[in-house]
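The values are calculated or read from the model by the stated rules, or taken from the named source; none is laboratory data. In this text the structure is predicted, and so the values were computed from the model without any measurement. Counting neighbours? That spans all protein chains shown, and the Cβs are built from the backbone with ideal geometry, glycine included.
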Amino acid sequence: MSDRASVEELVRRAYERRSAGDLDGIMQCFGSDPSFRLAGDEVLGVLTTEVHGQDNLRQAMRRLVEAWDWKDYRIDAILVDGDRIAVHAKGTMLFVPTGQRFDTETLDLLEIADGRIKQFLQFCDTHMAAKAMGLAA
């Protein structure tokens, strides 16, 4: 999948499904042996541990969907270089367990293979996330 329009459509669909909290829809955007990692300190534990495979990714995405509301979060820019993509997104996030809202941005690096997401690496304000989760001061 190297045509820009197809890559952008896949990426936008994945982010729309994430915003909607659609776990099955999110998983349809990933290939058969995907990896996902949130770049950051180990203080965030499970979130910053790289996961591999559909079953492990589904568990990780379930935790994220249940804990973080992304309804007010939007893509600002998508940069495509063949099967490698950078996505800048921003908006208001809600940490569901505490009701805490905050404005933030993320930068994600994705790799596409066979029309699906193969690798997903997300960079975010991990200190803010750790504070919201009660893991940092």
Could you check region 78-99 and list, in sequence order, the residues that are surrounded by 13 or more Cβ atoms within 10 Å (Cβ to Cβ), within 20 Å of M128 (Cα to Cα) and among the small types (G, A, S)? A89, G91
Is there any pair with a first residue in region 93-121 that is free of Cβ contacts under 8 Å to residues at least 12 places away in the same chain and a second that is part of a strand (DSSP E or B) whose Cβ atoms are under 6 Å apart and which are 6 or more apart or on different chains, and what are they? R101/T92; R101/L94
Which residue is surrounded by the most Cβ atoms within 10 Å (Cβ to Cβ), if the candidates are limited to region 31-66 and must be in contact (Cβ under 8 Å) with a residue 60 or more places away in the chain and β-branched (V, I, T)? T48
Answer from T98, T104 - the residue that is among the polar types (S, T, N, Q), touching a helix residue (DSSP H, G or I) at 6+ places or on another chain (Cβ under 8 Å) and within 16 Å of S19 (Cα to Cα): T104
In region 1-25, how many residues are closer than 17 Å to Q119 by Cα, of a type in the set (D, E) and either touching a Leu at 6+ places or on another chain (Cβ under 7 Å) or surrounded by 13 or more Cβ atoms within 10 Å (Cβ to Cβ) (or both)? 1
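With the condition being modelled with pLDDT under 95, I'd like the helices (runs of 4 or more DSSP H) fully within region 1-114 carrying at least 3 qualifying residues. Please lay out each step first, then the result.
Numbers: elements: 4-20, 23-28, 54-67.
Because the criterion is at least 3 residues that are modelled with pLDDT under 95, the helices (runs of 4 or more DSSP H) in region 1-114 that meet it are 4-20, 54-67.
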Give me a count of the residues in region 96-121 that are aliphatic (A, V, I, L, M) and in contact with a His (Cβ under 9 Å, 6 or more places away or on another chain). 1
Return yes when D3 is acidic (D, E) and without any contact (Cβ under 8 Å) to a residue 24 or more places away in the chain and no when it is not. yes
Out of all the residues in region 10-40, which are touching a strand residue (DSSP E or B) at 6+ places or on another chain (Cβ under 7 Å) and hydroxyl-bearing (S, T, Y)? Y15, S19, S35
Quick check on region 42-58. Is at least one of its residues farther than 19 Å from S19 by Cβ and touching a Gly at 6+ places or on another chain (Cβ under 7 Å)? yes
